[in-house]
Amino acid sequence: MFQALGSSNRCLRLMHSNKSTCYFALLALAYLLYLSFGALIFSSVELPYEDSLRQELRELKDQFLQDNSCLTPDSLEHFLDQVLEANNYGVSVLNNSTGKWNWDFTSSLFFAATVLTTTGYGHTVPLSDGGKAFCIIYSLLGIPFTLLVLTSIVQRLMVHVSRRPVQYIHTRWGYAEQTVALVHAVILGLIVTSCFFFIPAAIFCALEKDWNFLESIYFCFISLSTIGLGDYVPGEVRHQRFRELYKLGITVYLMIGLTAVLVVLETFCELQKLKEFKRIFYLKKDKLEDEQNILDHDQLSFPSVTDSVPITREQQKLNEAFSPGPVASYQFTEEPVNR
């Protein structure tokens, strides 16, 4: 019995000394469960629809062969294979795509923006070997360049959009800084959601005749989250009015919207509670032996820990109020610490 208690105590001490590792193991397990949960839901929802669509296409193909007895199944298979391969490269044989070019300047600019932001819809891909080779080199240099530009923009916007407003409200009205930061992050998230998701979705719903509002919201989210599935791409309908200007506007929307989303994410990441929550999954940095020795020496050199801690302005005023008289030669000149 005592051996069991001793072993359990050792296990508890071991878990306590490796809390971050235990938390990380729980985090990894939770992620695997979440991944499996998503796969289960997608499979249960989409698999029946896929099976129904396959059955419908199979019946349509059989009916087409019956109506056109001069065609053999092999020739039809070869034709469909060529059509599907061309469609994967963004080239369609349908009449409603006549006159629509995938590699004019505005379409190429849209493609370059989706590549550099790692959105990558996949509806248009390079056809030639030279284009594929250039895409590799262009992306290899352009993606880090884009990350540097976006990081610089977000860093500057954070000062004016998040940090200064929170600090102003905190110092002007005296509210708790963490509370102000949380409320500000929520309000900023609602503003960005309205301006870059709901309003553009309404515009896409009006301009894209085949899209409903849910599909438009879906496109905005898939694009600004850089998932880029490519099942919905604007400006691909027949006889799109002002197609070049439309593509240019979508490119600008993607760049500005991605920046706004990054600002919101960075604002939430700076919340103190979220920082503390993330920190429990990280490995703690071990102090160097020299630093530990210096720390031990400093602690032994002072009579108490509080003597080495700078006092605040309020504490200094309280000490002056209860002091018997002014001290002529010795004054505490260390700057107070902002807390």
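Structure notes:
- Hey, ILE222 modelled with pLDDT of 95 or more, within 25 Å of PHE111 (Cβ to Cβ), out of contact with any helix residue (DSSP H, G or I) (no Cβ under 9 Å at 6 or more places or on another chain) and open to solvent by less than 70 Å² (accessible area, probe 1.4 Å) or not: yes
- The set of residues in region 177-206 being open to solvent by less than 50 Å² (accessible area, probe 1.4 Å), in contact (Cβ under 8 Å) with a residue 24 or more places away in the chain and of a type in the set (A, V, I, L, M, F, W, C) consists of ALA181, ALA185, LEU188, VAL192, PHE196, PHE197, PHE204.
- Residue within region 45-57 that is in contact with a Leu (Cβ under 7 Å, 6 or more places away or on another chain) and either of a type outside the set (Ser, Thr, Tyr) or open to solvent by 80 Å² or more (accessible area, probe 1.4 Å) (or both) present: no
- Selected residue (criterion: least open to solvent (accessible area, probe 1.4 Å)) from residues of region 258-287 that are of a type in the set (A, V, I, L, M) and outside any helix (DSSP H, G or I): LEU271
- GLY120 vs. criteria modelled with pLDDT of 85 or more, of a type in the set (Gly, Ala, Ser) and under 30 Å from PHE268 (Cβ atoms): yes
- Checked against (1) surrounded by fewer than 14 Cβ atoms within 10 Å (Cβ to Cβ); (2) within 24 Å of LEU147 (Cβ to Cβ), PHE213 meets all criteria but (2).
- Number of the condition not met by ALA201 [criteria: (1) in contact with a helix residue (DSSP H, G or I) (Cβ under 6 Å, 6 or more places away or on another chain); (2) modelled with pLDDT under 95; (3) farther than 18 Å from LEU262 by Cα]: (2)
- Cβ pairs under 7 Å, 6+ apart, first in region 129-157 and of a type outside the set (Val, Ile, Thr), second not in a helix (DSSP H, G or I): LYS132/PRO126; CYS135/PRO126
- Considering region 73-114, and only residues there that are β-branched (Val, Ile, Thr) and modelled with pLDDT under 85, the residue that is farthest from PRO126 (Cα to Cα) turns out to be THR98.
- LEU254, sole failed condition from (1) in contact with a helix residue (DSSP H, G or I) (Cβ under 8 Å, 6 or more places away or on another chain); (2) assigned to a helix (DSSP H, G or I); (3) open to solvent by 40 Å² or more (accessible area, probe 1.4 Å): (3)
The values are calculated or read from the model by the stated rules, or taken from the named source; none is laboratory data. Keep in mind it's a predicted model, so treat the numbers as computed, not measured. We place every Cβ from the backbone using ideal geometry, glycine too, and count neighbours over all the protein chains shown. Just the protein is used for accessible areas: all its heavy atoms, side chains included, with ligands, DNA and RNA removed. Shrake-Rupley method; radii C 1.70, N 1.55, O 1.52, S 1.80 Å.
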